[in-house]
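Reading through the structure tokens given below for one structure.
The values are calculated or read from the model by the stated rules, or taken from the named source; none is laboratory data. Since we're looking at a predicted model, the values are computed, not measured. Note that we place each Cβ from the backbone using ideal geometry, even for glycine, and neighbour counts take in every protein chain shown.
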Amino acid sequence: MFKKLQFKVILVLVSFIILVLTVVGIILISNIFNYYTSEFLGQQEEVFTKSFQNELSLLLETDDPALQLKNALNAHSARMGIDSYRNYYVLTSDGEYMSGSTDRESADIRMTENLLSAISGESSHIQSAGNKVMDYATVIPSSNDFIIVYVVDSKEEMNEFSMMVFSILIQSLLVGLVLALILSLILSNAITAPIQNITKKATSVAEGNFDEKLAVHSNDEIGTLTSTFNKMAEDLESTMREISGERQKLETIFYYLNDAVIAFDSDGRLLHINPTAKELFAEFVDTMSLDKLIDELDLESLSESVHSNSDHDALIINNVNYKSNVFDISFGKLRFDLSDGVFGGYITVLHDITEHFELEKSRREFIANVSHELGTPLTSIKGAAETIATNPDMPEEIQASFLQMVIGESDRMSHIVKELLVISRLDNKRMMWNPSSFSLSDLLTHCIEVVRGEADNCGHTLSLTLPTDTVPSVEADREKVEQVLLNLIQNAIKYTQSNGKIDVSLEFLKTHSTATLPNGDWFCIKVSDNGTGIPEDDIPHIFERFYRVEKARSSDKGGTGLGLAIAKEIALEHGGDIEIESTVGVGTTFTVYLPCKAKYIQ
Ligand code: ADP
């Protein structure tokens, strides 16, 4: 562009110089011709007046008219401008030489238009640029004939002068061209240097370098262009910054999103995949494509949507099982209008709803369990009441046993309702905690006393091991902790065959930690038995609500499956935990960890 512009400036200036000089040349040359012609005619007309023609006419009557005429004309030769380029001739009416300013041999007489006209008897002095000579033919009549006085100018002087002017013009043209060349170089440099700078800057802006600014040296159009360019670069930089900020924001959101997000182009090739999706589809992330994803997730409806022609399809597929998790999958077809055309693609978002799904499942199970647990005693109560009502003559002892059953089932119902209330309060964080400082050793001693009778009835040996050193008091809700400990000890009594062995112990562990508890000081209460034990598969579920290992056995023993769930929640609310170790046929150990101060105490 730069070279082209320089060439154009040179071309324009050179053309201008040539044009000007050509026009000037043409005007000058035509003026020279006009000047010489009018000068020539003026001189001749001044000489060849009517009276001079009459005078010459009279001389024709003399003895030697040729000589007489020559002498008369010689007298006026200066006025006629006779010199080496211009001569006069006296010619007969046939155009034959009679006399003249040169002798007959050197006379240059051509049959011009004027001369031919004179031979026919008419004076003529027409001048035209195409004629080789300027001539003036005057007819001088005599008594019976006429002669011609013919003045002819070879135009050599005019041509020499014209040539001189022409050579001056050529010289001027050459000087002009050199000057034009120099000027155009200076001018084109003055124009192209800033343009070159702007071009360089534009290239560096295109490469993303916005640092440098162009210096504005003038107030002219180039200066305006430079400052406009600087402003444009500034605007572009801030726009780019905004766009890249927005992009970073989106990328960060995309990166930290817990949902798996995968984008594909219109041919189903992978465009983008976030870390969650990478982790989920780790085995085939390198070969990921839309078809592969559909295959892997076994989604027929998604496949149909992909291959349908509708422009903006959004599809949500709920509860898709994949790798033991449950997902809601949103699928969208995308269309972006870009400068180079329309871009199409797909975006798939996998939202992990496993937790929500499990919660919903356990909520449904909980309601079913509650209905069942309350329904069973209610059926018994209704049955007993109906039996008594329809058999008024029933023997008293039988009636008493039915009433005893009604009381027993009512107690069981009220026990379940109480436990449900506790669970509901724990769930809704509405449990009223009643903290106090007390000795766990004392509490455990008290618990052992409470269950002693029960244990004795089963023939169990019940032992309590307390720390020999003095241990600090615990700050917790004594009643709730007692409920936890009693539940564990009573379970040990319940689920151990007669004559079993139940050991309860208390330890104070300083700077101790477990897999679930942080490092710190912990009270550790162990309740061990050598009872039936809990199968390995049941252990992970043992703290779930209504979970019982053997429903029949547990129901026989008045169990509801809520005790351990409540105990675990209470321990957790205190900032502690309950752990379990159990082997079928060997026994079970529950370990309760409690912090020195319950976490709900400020
Ligand atoms: P339940 O009221 O049925 O006793 P829990 O929540 O206290 O309810 O106990 C849940 C289940 O855990 C019991 O049904 C029982 O099957 C099992 N279990 C609890 N403690 C023991 C133990 N010490 N030995 C064996 N099984 C136990």
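Quick check on G408: is it modelled with pLDDT of 95 or more and either within 26 Å of V504 (Cα to Cα) or surrounded by 13 or more Cβ atoms within 10 Å (Cβ to Cβ) (or both)?
The answer is no for G408.
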Out of V527, V484, I need the residue that is surrounded by 18 or more Cβ atoms within 10 Å (Cβ to Cβ), within 9 Å of the ligand (Cβ to nearest atom), among the β-branched types (V, I, T) and closer than 13 Å to F590 by Cα. Which one? V527
Among the residues of the stretch 232-252, are any under 20 Å from F331 (Cα atoms), at pLDDT below 90 and not in a loop (DSSP other than H, G, I, E, B)? yes
Determine which single condition I601 fails, assuming it passes every other condition in (1) near the ligand (Cβ under 9 Å from one of its atoms); (2) touching a strand residue (DSSP E or B) at 6+ places or on another chain (Cβ under 7 Å); (3) modelled with pLDDT under 90. (1)
Looking only at residues that are within 16 Å of the ligand (Cβ to nearest atom) and of a type in the set (D, E, K, R) in the stretch 494-524, which one is surrounded by the most Cβ atoms within 10 Å (Cβ to Cβ)? K494
List the number of the failed condition for N491; all other conditions in (1) within 60 Å of the chain's Cα centre (by Cα); (2) within 15 Å of the ligand (Cβ to nearest atom) hold. (1)
Can you pull out the residues in the stretch 449-466 that are farther than 16 Å from T591 by Cα and of a type outside the set (D, E)? V450, V451, R452, G453, A455, N457, C458, G459, H460, T461, L462
Restricting attention to the stretch 449-460, the residues that are aliphatic (A, V, I, L, M) and surrounded by fewer than 17 Cβ atoms within 10 Å (Cβ to Cβ) number exactly 1
Among A202, A215, the single one that is surrounded by fewer than 12 Cβ atoms within 10 Å (Cβ to Cβ) and more than 22 Å from L11 (Cβ to Cβ) is A215
Would you call T37 outside any helix (DSSP H, G or I) and over 16 Å from Y88 (Cα atoms)? no
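Under the condition of being among the β-branched types (V, I, T) and part of a strand (DSSP E or B), which residue from the stretch 272-323 is surrounded by the most Cβ atoms within 10 Å (Cβ to Cβ)? Please lay out each step first, then the result.
Residues of the stretch 272-323 among the β-branched types (V, I, T): 273, 276, 285, 287, 294, 306, 316-317, 320.
After this cut, where a residue has to be part of a strand (DSSP E or B) as well, the list is 273, 316-317, 320.
Values: I273: 19, I316: 11, I317: 17, V320: 16.
Ranking the qualifying residues of the stretch 272-323, first place goes to I273.
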Just the residues that are without any contact (Cβ under 8 Å) to a residue 24 or more places away in the chain and either in contact with a Leu (Cβ under 9 Å, 6 or more places away or on another chain) or assigned to a helix (DSSP H, G or I) (or both), please, taken from the stretch 191-222. A193, K200, T203, S204, A206, E221
With respect to I534, determine if the residue is more than 9 Å from the ligand (Cβ to nearest atom), at pLDDT 90 or above, under 28 Å from L374 (Cβ atoms) and crowded, with 18+ Cβ neighbours inside 10 Å. no
Among what's in the stretch 332-366 and is modelled with pLDDT under 90 and hydroxyl-bearing (S, T, Y), pick the residue that is farthest from A277 (Cα to Cα). S339
Check whether at least one residue in the stretch 571-582 is buried (at least 17 other Cβ atoms within 10 Å of the Cβ), more than 24 Å from T461 (Cα to Cα) and either without any contact (Cβ under 8 Å) to a residue 60 or more places away in the chain or near the ligand (Cβ under 8 Å from one of its atoms) (or both), and report yes or no. yes
Within the stretch 256-271, identify whether any single residue is surrounded by 12 or more Cβ atoms within 10 Å (Cβ to Cβ), closer than 17 Å to S330 by Cβ and among the hydroxyl-bearing types (S, T, Y), and answer yes or no. no
Does A118 qualify as being closer than 21 Å to F52 by Cα, modelled with pLDDT of 90 or more and touching a Leu at 6+ places or on another chain (Cβ under 6 Å)? no
Matching strands (runs of 3 or more DSSP E) fully within the stretch 401-477 where at least 2 residues are within 22 Å of D529 (Cβ to Cβ) and over 60 Å from the mean Cα position of the chain (by Cα): 461-465
For the stretch 428-441, give me each residue that is out of contact with any Lys or Arg (no Cβ under 7 Å at 6 or more places or on another chain) and surrounded by 11 or more Cβ atoms within 10 Å (Cβ to Cβ). W433, P435, S437, S439, L440, S441
Qualifying residue in the stretch 550-568 (condition: within 25 Å of T465 (Cβ to Cβ), more than 8 Å from the ligand (Cβ to nearest atom) and either surrounded by 18 or more Cβ atoms within 10 Å (Cβ to Cβ) or touching a residue at least 24 places away in the same chain (Cβ under 8 Å) (or both)): yes
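Residue by residue, here is whether (1) within 27 Å of E358 (Cβ to Cβ); (2) modelled with pLDDT under 90 holds:
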residue	(1), (2)
K292	no, no
L297	yes, yes
V306	no, yes
N321	yes, no
F327	yes, no
S330	yes, no
Assess whether D477 counts as being in contact with a helix residue (DSSP H, G or I) (Cβ under 9 Å, 6 or more places away or on another chain) and more than 16 Å from the ligand (Cβ to nearest atom). yes
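Restricting to the stretch 585-595, name every residue that is modelled with pLDDT of 95 or more and either more than 8 Å from the ligand (Cβ to nearest atom) or under 15 Å from F543 (Cβ atoms) (or both).
Within the stretch 585-595, V586, T588, T589, F590, T591, V592, Y593, L594, P595 meet the criteria.
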Selection count where residues are over 15 Å from I489 (Cα atoms), touching a Ser or Thr at 6+ places or on another chain (Cβ under 9 Å) and surrounded by 21 or more Cβ atoms within 10 Å (Cβ to Cβ), scope the stretch 583-602: 1
